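Below you'll find the structure, written out as structure tokens, and then a few comments.
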Amino acid sequence: MEKTSVTIEGGHELNGVIDVFGAKNAVLPILSSTIMLDGETTLLNIPPIGDINSMVRMLNSLNIRTEYRAGGSIHILNQKKIRHIAPYELVTAMRASFFVAGPLLAKTGFAKVPLPGGCSIGLRPVDIHIQGLKKLGVDINFEHGFVEFSALNLKGDAIDLPFPSVGATENIMMAACLAKGETVINNAAREPEVVDLANFLIKAGAVIEGHGTSSIFVQGVQSLMGVRDYFVIPDRIEIGTLLIAGGITGGCVEIKHVHSSYLSSITDVLDEAGLIISYDNNNVRCSANGSIHPVDITTEPHPGFPTDMQAQMMALLSIACGKSVIKETIFENRFMHVNELVRMGASIQVDGQIAIVSGGKLSGADVKITDLRAGAALVLAGLIAEGKTVVHGLHHLNRGYFNLMGKLKSLGARLDL
Ligand code: EPZ
């Protein structure tokens, strides 16, 4: 029976060396792209977390045999006739399921996907996805809460994204792989997870250039083949969360096998906050160094500071020796963790998309998780708060972090599930 809450005793240093699994936000689009690949694919370094389980169920519902194998791998066998209707209950369970639209279109010429709902952090529209796919010659019809896509022959085109949407870039890039001719995606998302998806597709036979820059070029091909043993990039958001766990408790945490080039947008800010960041080989280490300094942060598309680290940074800055200004520019409602941090004694004023954090002391309290990254922030706050903190709603955390409590405990956290 999955535990719904954890009791954390604050004030204990976290020290040690730990590994992380593959990035949730790389695994999800890579899994959906296997709809386009003929034959067998094996993905390695996969965390068995809620959102990935949802995507595994989604692929199986589309008649693509997908299963976890020992040692954190997933095996996909795509050989039968694919269904092109994505079940409502799976898309509403995880909005990233909308990423199956592009691959389904490219592979079958049809896709029927429920409009994903919003979530606690925002409305999460998919208009940029829709506009981009239309440019590839897709006919789109909205009916009964579903989006019906049809394209008997996808053709490449130049697509200018109004915003570097991660999901829209991925959906359009996947569809373009099997379109006729060349597609250029301008103002494309540059996130490392987009790059990892492109690298995976290239191994499957796709012709893609410019991934990681604002202009991605895709030359359509006839077909794509399964990929053996693809090792997904480590999860930079989990890495950032664990580094803060070391820094906020006055300890020293080292993460093995990371890609330093992907992490600098996070570790540069930790460095500015007074933590000592050091890289050697493929490991990154974060050590506390006296008090935490206040830092002004604006969340931005990569290579800016990631919105998925905003809540965790707010927890750290809640104990800084001064005032920090945090501006959230990506999602319209991503300050749900503020009220819970305030219940722990944090001094935070919110005015629209700006939160002003005046550092001080935190005290343990009962707090409730509203969304994945807010949950991580509350756990981090509990590690340093005086006394006991009971964090309720762990199921939100389990969507995106595998065994986070076990990892924290192995680093010295005192917690009871
Ligand atoms: C991806 O979501 C990530 N999820 C999010 O991580 C991450 O926060 C986000 O990118 C930004 O980096 C996955 O990769 C599965 P967007 P996505 O399209 O693709 C607006 C987590 O905690 N927008 O870049 O949905 C949108 O409303 C999750 O792991 C439109 O207006 O993000 C938002 O305000 C949370 N129309 C902004 O763009 C569209 O068609 C960024 O969205 C698409 C997006």
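Every read-out reported here was derived from the displayed coordinates using simple, explicitly stated rules and does not represent laboratory data. Since the structure is predicted, the reported quantities are computational estimates derived from the model, not experimental observations. All Cβ positions, glycine included, derive from the backbone under ideal geometry; neighbour counts span all protein chains shown.
At a glance:
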read-out	value
Pairs beyond 28 Å (Cα-Cα), from LYS112/LYS155; LYS368/LYS407; LYS3/LYS112; LYS3/LYS323; LYS3/LYS80; LYS107/LYS407	LYS3/LYS112; LYS3/LYS323; LYS3/LYS80; LYS107/LYS407
Considering only the chain, percent of DSSP beta bridges that pair antiparallel, nearest 5	75 percent
Charge tally in the Cβ shell below 15 Å around GLY205, where Lys, Arg are +1 and Asp, Glu are -1, GLY205 excluded	0
Label-point separation in nm, SER291 to ALA70, each point 7 Å along Cα→Cβ	5.4 nm
Calculated from backbone phi, Karplus (6.51, -1.76, 1.60) coupling profile of the stretch 79-89 in Hz, x at Gly/Pro	9, 9, 5, 7, 6, 10, 10, 8, x, 4, 5
Relative contact order (%) - the stretch 19-58, alpha-carbon pairs under 8 angstrom, separation at least six	58 percent
Order by protection proxy (mean Cβ within 10 Å, highest first), peptides 283-293, 63-73	283-293, 63-73
Extension gain from ASP416 to LEU152, taking 0.36 nm per residue of separation minus the Cα-Cα distance	89.5 nm
Mean Cβ neighbour count within 10 Å, used as a protection proxy, ranking 143-150, 367-374 highest first	367-374, 143-150
Calculated SAXS-style log₁₀ I(q)/I(0) at q = 0.12, 0.15 Å⁻¹ - the stretch 279-417, Debye, Cα scatterers	-0.47, -0.75
Antiparallel %, DSSP beta bridges [both residues in the stretch 24-231], to 5	75 percent
Value of relative contact order over the chain, rounded to a whole percent, pairs C-alpha under 8 Å and six or more apart	20 percent
Gained length - GLU300 relative to GLU2, 0.36 nm times residue gap less alpha-carbon distance	103.8 nm
Derived scalar couplings ³J(HN,Hα) [the stretch 242-258; Karplus, 6.51 cos²θ - 1.76 cosθ + 1.60; whole Hz; x for Gly, Pro]	6, 5, 5, 4, x, x, 6, 9, x, x, 9, 10, 10, 10, 8, 6, 10
Computed lengthening from VAL325 to ILE356, 0.36 nm per intervening residue step minus Cα-Cα distance	10.7 nm
Cut-off 16 Å (backbone N to label point 7 Å along Cα→Cβ of PHE231), residues of the stretch 387-417	none
Relative contact order (%) - the stretch 24-231, alpha-carbon pairs under 8 angstrom, separation at least six	21 percent
Nonlocal amide H pairs with THR249, under 5 Å, H built at 1.01 Å	LEU14
Rounded FRET efficiency, nearest 0.05, which uses the C-beta distance separating LYS256 from ILE276 and R0 of 25 Å	0.90
Pairwise label distance in nanometres, HIS392 with GLU89, each label 7 Å out on the Cα-Cβ vector	2.7 nm
